[in-house]
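Here is the structure we will look at.
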Amino acid sequence: MKDIQKNKPVREIDINMVGVKNLKAPLVVIDKKNKCQETVGSINIFVNLPRHYRGTHISRFIEVLNRYTKKTLTVEVLDKLTLEILRILEAEKSRIEIEFPYFILKSSPISKKKSLLDYQCKIIRIANRNIKEIEHIIQVEVPITTVCPCSKAISKYGAHNQRGYVTVSMKLNKFFWIEEVIDIIEEEASCDIYPLLKREDEKYVTEKAYENPKFAEDIVRDVSYRLEQDKRIDWFKVECENQESVHNHNVYAKIENRLPD
């Protein structure tokens with residue numbers, strides 16, 4: 001049968017990325033406490049396409065991925081998947097993005113009731129045929145509570161508070177647990193979020209947050225300071241977005257930093 005994809009295109013222009021997006025698949029990811037956990041991933045897989053090819057072979061992306069959906073996605077397995085995409089698609093560059101909910105069994109602070117809390121995570125792998133090392137990026141989004149320091153300082157009663165989301169993206173040179181990222185972010189929030197609270201827990205989190213007010217600016221600085229101390233990180237980005245309770249808009253802050261060798 002004719003392979004139309006290998007025909008020359010009318011416009012001979014290199015394409016940076018071509019592939020599949022939002023492909024849903026069952027996955028097994030590594031878990032610090034339980035060794036692994038099952039989840040569902042939304043997957044993007046891309047390669048470059050030289051100017052002399054009209055199209056890529058979409059079916060090959062799916063065929064390669066199908067060989068990995070039952071494997072635990074360790075660093076080694078992710079490396080192998082990224083390189084296999086590079087080889088099978090005969091490309092110079094490949095990029096894989098795997099986004100998934102990651103669940104942690106979390107105990108409420110006083111009553112110790114346990115319930116699952118989900119965190120949105122993303123793993124990105126980038127391979128280049130001319131570069132030996134594979135680029136490894138992880139992204140973790142953590143829900144938090146923030147209390148406004150200004151509101152507390154000027155108000156006779158209480159202070160406005162809201163849910164915020166801190167997203168940390170990191171380029172790594174060594175392995176980093178998702179749980180480690182979550183711990184850093186939650187420790188720097190006014191208070192962390194819990195899926196289940198009894199009355200004594202609600203009292204605790206309300207008072208803890210009130211005694212630890214922080215702007216979005218404070219949070220990105222505090223999280224960034226912690227990340228700067230870690231030699232496993234080559235580059236990071238910290239974002240905080242607060243869903244304001246007294247406004248119809250959100251508040252946003254970001255720090256991006258490349259660490260020295």
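Computed from the coordinates by the stated procedures, all read-outs in this text should not be read as laboratory data. Bear in mind that the values here come from a model prediction, so they are computed numbers and not experimental data. A quick note on method: Cβ atoms are made from the backbone with ideal geometry, for glycine too, and the neighbour counts reach across all protein chains shown.
For this structure, a couple of remarks:
- Computed from Cα positions, the angle between helix 216-228 and the longest principal axis of the chain comes to roughly 60 degrees.
- Per residue, the convex hull volume that the Cα atoms of region 108-261 enclose (Å³): 129
- Kirkwood-based shape ratio for the chain, expressed as Rg/Rh from alpha carbons: 1.06
- Net charge contributed by nearby residues that have their C-beta within less than 12 Å of residue 89 (K/R +1, D/E -1): +1
- Between residue 207 and residue 77, the distance separating the two model label sites (each 7 Å from Cα on the Cα→Cβ line) works out to 4.5 nm.
- With a Förster radius of 30 Å applied to the beta-carbon distance between residue 248 and residue 196, the computed FRET efficiency rounds to 0.50.
- Amide H within-cut-off set for residue 113, under 5 Å, with H built and near neighbours excluded: 108
- Choice from 131, 62, 104 with maximal GNM fluctuation in the chain (Cα, 10 Å cutoff): 131
- Modelled label positions at residue 105 and residue 67, each set 7 Å beyond Cα in the direction of Cβ, lie 3.6 nm from each other.
- The 3J(HN,Hα) values that the Karplus relation (6.51, -1.76, 1.60; θ = phi - 60°) gives for region 76-87 are, in residue order, 5, 5, 5, 4, 5, 4, 4, 6, 5, 4, 4, 6 Hz. Gly and Pro appear as x.
- Point-charge dipole on Cβ atoms (K/R +1, D/E -1) for the chain, about Cα centre, debye to 20: 980
- Computed from Cα atoms, the angle from the helix 199-210 axis to the main principal axis of the chain rounds to 80 degrees.
- In sequence order, calculated HN-Hα J values of region 173-180 (Karplus, 6.51, -1.76, 1.60; Hz; x Gly/Pro): 10, 9, 5, 9, 5, 4, 4, 5
- Flagged links, alpha-carbon separation over 19 Å, of 70/93; 24/106; 113/152; 214/254: 70/93; 24/106; 113/152
- If R0 is 35 Å, the Cβ-Cβ spacing of residue 258 and residue 92 corresponds to a FRET efficiency of close to 0.90.
- Options 158, 250, 28, ranked by Cα towards positive dipole end of the chain, top entry (Cβ charges): 28
- With R₀ fixed at 30 Å, the C-beta to C-beta distance from residue 129 to residue 24 puts the FRET efficiency at about 0.55.
- Residue 150-residue 187 pseudo-label distance in nm [points 7 Å out on the Cα-to-Cβ vector]: 3.0
- Phi-based couplings in Hz for region 42-54 (Karplus 6.51, -1.76, 1.60; Gly and Pro marked x): 9, 10, 10, 10, 9, 9, 7, 10, x, 5, 8, 10, 6
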